[in-house]
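One structure below.
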Amino acid sequence: MKYGVGSVRTGGSVVLTTGTAGQRPLPGSSAVSALCGAMESPTRAPAVEGTPVRVNVVSPGVVRTELWRETPEADREELFRSSAESLPVGRVGEPADVAEAYLYLMRGGCSTGSVVVVDGGGTPVRAVRRRRGVRRRRTRPSPAGGSRAGRTPRARRR
């Protein structure tokens, strides 16, 4: 980034690519998740520093591309089918969907330091599912007799 921005005209745009693994890591994907998460920071710093070039990032979810070519066809199609069923839009992304995000960020002069997620609504859906799957901690009645639900937990006594 440091050296590449100088070759872009003032008011121009740099659009980076990351992936939703930075926001929603999967088991066994620590390295990929770390790399995806690390791509977001370089988009925010130039915006704050007043760099004359806009810097943004596109974060695609599951997209039907050649990236999956090494996955056996039956497994690949099952991935696309199950992903589509879990998404609010009812389908996985296509290259044209992601291309629209890049075009928006390159053309729109009022976006910098932004992350545009193109995942069919998967980020909020997974967040809701995660919240629903979390078990609530059981609370003990307070010394005054009422429930402690909704109150801040007491500090541990040593």
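Per-structure values
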{"item": "Amide H partners (placed H, <5 Å) of Arg64, local residues excluded", "result": "Gly93, Glu94"}
{"item": "Difference of contour (0.36 nm per residue) and Cα-Cα distance, Thr17 to Leu35", "result": "5.4 nm"}
{"item": "Gain in span if fully extended, Leu79 to Glu66, counting 0.36 nm per residue against the direct Cα distance", "result": "3.3 nm"}
{"item": "Shape category assigned to segment 12-53 from the gyration tensor of Cα positions, a/c cut at 1.5", "result": "prolate"}
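Any read-out appearing in this document is the output of simple, stated calculations on the displayed coordinates, not a laboratory observation. Just so you know, these numbers come straight off a predicted model, no measurement behind them.
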